[in-house]
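Novice: I'd like to ask some things about the structure below.
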Amino acid sequence: MGESVGLGIIGCGQIAPSHIRNTQDDPRVRWVAACDLREEAVNERADEFGIPGRYTRVEELLADPAVDAVVVATGPEAHLQPTLAAFEAGKHALVEKPVAVNGADVETMLASQGGLVGACCSSRFRSTPPAHEATRILASGGLGVIRRLSVNVLHPPHGEYDGTSPFFLHRPGWGGQGVLADWGCYDLDFMLGLCGWALEPESVLASIERLPGHFRAIAQPRNDVEVAVTAQVRMVGGALLDYHRAVFAAVDEPRESWRIECEHGALDLNMVAGARGLVVQRFEAGGVATAVAADEAWEWPVIHRGPVIDFVEAILGGGEPMTSLRDALTVQRVTDAIYASAEAGESLRCAK
Ligand SMILES: NC(=O)c1ccc[n+]([C@@H]2O[C@H](COP(=O)([O-])OP(=O)(O)OC[C@H]3O[C@@H](n4cnc5c(N)ncnc54)[C@H](O)[C@@H]3O)[C@@H](O)[C@H]2O)c1
């Protein structure tokens with residue numbers, strides 16, 4: 001392997017080009033193979049990026065000696081088998097988000113990982129300079145004990161709704177899950193990862209909502225998946241995550257907030273490209289001092305590049321990726337507990 005890693009992409013759909021385009025200039029990255037069940041998709045990607053290995057079966061890609069590691073970019077319901085096959089073939093695996101459709105699948109991945117690197121792209125929004133700074137501030141302990149994490153994201157329906165987006169309403173087989181699986185993994189990874197994965201989710205009380213009546217007629221055909229989620233996640237030790245995300249919400253423009261409140265102050269964060277990155281509020285003798293700790297603008301290529309480069313660095317340097325499969329299991333177990341609590345109508349313990 002030497003100084004660079006030979007990467008194969010499994011799944012040449014919508015997200016695949018973002019992985020390749022935003023990392024191909026890095027000398028540690030060599031995109032050597034592409035695989036998709038659809039031959040035309042393989043050829044399109046391989047032609048676009050000059051990738052030599054072209055395969056329509058995962059096993060063929062994994063048998064290519066130029067492939068050291070794979071990015072699994074199939075739909076969530078098809079993450080498990082390519083990941084297991086990669087580990088069995090001795091290749092490291094970076095899995096797209098959500099890592100799987102339930103915690104049991106992630107446990108199966110972990111059981112076959114051995115000493116290989118396994119990571120998940122739900123880390124994406126922690127690749128930015130403001131997120132790095134927030135991680136550093138929280139790890140330094142200067143803000144004291146973490147007491148409350150909150151995510152509140154409300155998105156209005158598309159102005160001229162054409163019945164195609166969000167896509168989870170229209171892709172049968174996409175794990176049968178909606179906004180919680182699709183975006184919740186980013187929110188949970190952001191909150192728990194910024195805290196260094198030190199918080200251990202203990203119990204969950206949640207509710208989920210499906211498409212509001214007004215939109216049902218124009219959102220056909222559709223899966224009957226959740227478009228809104230509300231949850232309270234209690235951590236061991238008492239910190240609380242207050243979580244709300246909704247699409248088709250009754251707002252005329254997006255309202256978005258991510259906040260971590262601690263003993264000595266708070267962090268206001270952002271998962272929005274181009275928005276102000278990180279504001280730190282600290283209690284002082286006279287009140288609260290506000291400072292912008294990292295205001296570097298970042299755009300989408302930064303967050304697409306982040307997980308792949310982090311994965312390659314973990315392979316070459318032997319360190320842990322931003323979101324290991326073990327961390328992804330924590331996110332998935334909270335997600336599973338939210339679905340289960342909403343279904344049961346009562347507070348439930350997270351699996352350990
Ligand atoms: N589309 C986005 O904007 C976006 C953004 C971030 C993350 N993601 C994540 O990336 C993953 C892929 O999303 P997408 O939008 O690119 O999906 P997609 O449906 O456009 O592409 C998936 C591709 O995987 C192929 N495939 C399925 N099973 C396969 C198998 N066993 N072997 C080889 N190929 C197989 C399909 O033929 C398809 O071309 C998902 O987990 C999604 O959540 C997507």
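The values are calculated or read from the model by the stated rules, or taken from the named source; none is laboratory data. These numbers come from a predicted model, not from an experiment. FYI the Cβ positions are ideal-geometry reconstructions off the backbone, even for glycines, and counts take in every protein chain you see.
Novice: Within the range 71-104, restricting attention to residues that are farther than 18 Å from Asp189 by Cα and among the charged types (D, E, K, R), which residue is modelled with the lowest pLDDT?
Specialist: The extreme case among them is Glu77.
Novice: Name every residue in the range 160-208 that is more than 13 Å from the ligand (Cβ to nearest atom) and of a type in the set (A, V, I, L, M), in order of residue number.
Specialist: Listed by number, the residues that qualify are Leu169, Leu188, Met191, Leu192, Leu194, Ala198, Leu199, Val204, Leu205, Ala206, Ile208.
Novice: In the range 21-40, which residues are among the hydrophobic types (A, V, I, L, M, F, W, C), more than 10 Å from the ligand (Cβ to nearest atom) and more than 16 Å from Glu313 (Cβ to Cβ)?
Specialist: Within the range 21-40, Trp31, Val32, Ala33 meet the criteria.
Novice: A follow-up question, please. Of the residues Val247, Val229, which single one is crowded, with 19+ Cβ neighbours inside 10 Å and farther than 30 Å from Thr23 by Cβ?
Specialist: Answer to the check: Val229.
Novice: State whether one or more residues within the range 41-50 are hydrophobic (A, V, I, L, M, F, W, C) and within 8 Å of the ligand (Cβ to nearest atom).
Specialist: yes
Novice: Within the range 163-216, count every residue that is under 17 Å from the mean Cα position of the chain (by Cα) and among the aliphatic types (A, V, I, L, M).
Specialist: 7
Novice: Turning to a different aspect of this structure: Can Cys195 be described as of a type outside the set (Val, Ile, Thr), buried (at least 23 other Cβ atoms within 10 Å of the Cβ), closer than 24 Å to Pro129 by Cβ and out of contact with any Phe, Trp or Tyr (no Cβ under 7 Å at 6 or more places or on another chain)?
Specialist: Criteria not met by Cys195.
Novice: A further question on this structure: Tell me which residues, restricted to the range 22-44, are in contact with a Phe, Trp or Tyr (Cβ under 9 Å, 6 or more places away or on another chain) and free of Cβ contacts under 8 Å to residues at least 60 places away in the same chain.
Specialist: The answer is Gln24, Trp31, Ala33, Ala34, Cys35, Asp36, Val42.
Novice: What about Glu284, is it assigned by TED's automatic domain parsing to the domain that holds Val151 and in contact (Cβ under 8 Å) with a residue 12 or more places away in the chain?
Specialist: Here the answer is no, as Glu284 does not meet what is asked.
Novice: On to the next question. Name every residue in the range 307-352 that is among the small types (Gly, Ala, Ser) and surrounded by fewer than 23 Cβ atoms within 10 Å (Cβ to Cβ), in order of residue number.
Specialist: Passing the criteria: Ala314, Gly317, Gly318, Gly319, Ser324, Ala340, Ala342, Ala344, Gly345, Ser347, Ala351.
Novice: A further question follows. Please tell me if Ala119 is assigned by TED's automatic domain parsing to the domain that holds Thr74, on the phi < 0 side of the Ramachandran plot and more than 13 Å from the ligand (Cβ to nearest atom).
Specialist: Criteria met by Ala119.
Novice: Also, I was wondering about something else. Name the single residue that is nearest to the ligand (Cβ to nearest atom) among those in the range 1-20 being in contact (Cβ under 8 Å) with a residue 40 or more places away in the chain and more than 21 Å from Gly118 (Cβ to Cβ).
Specialist: Gly13
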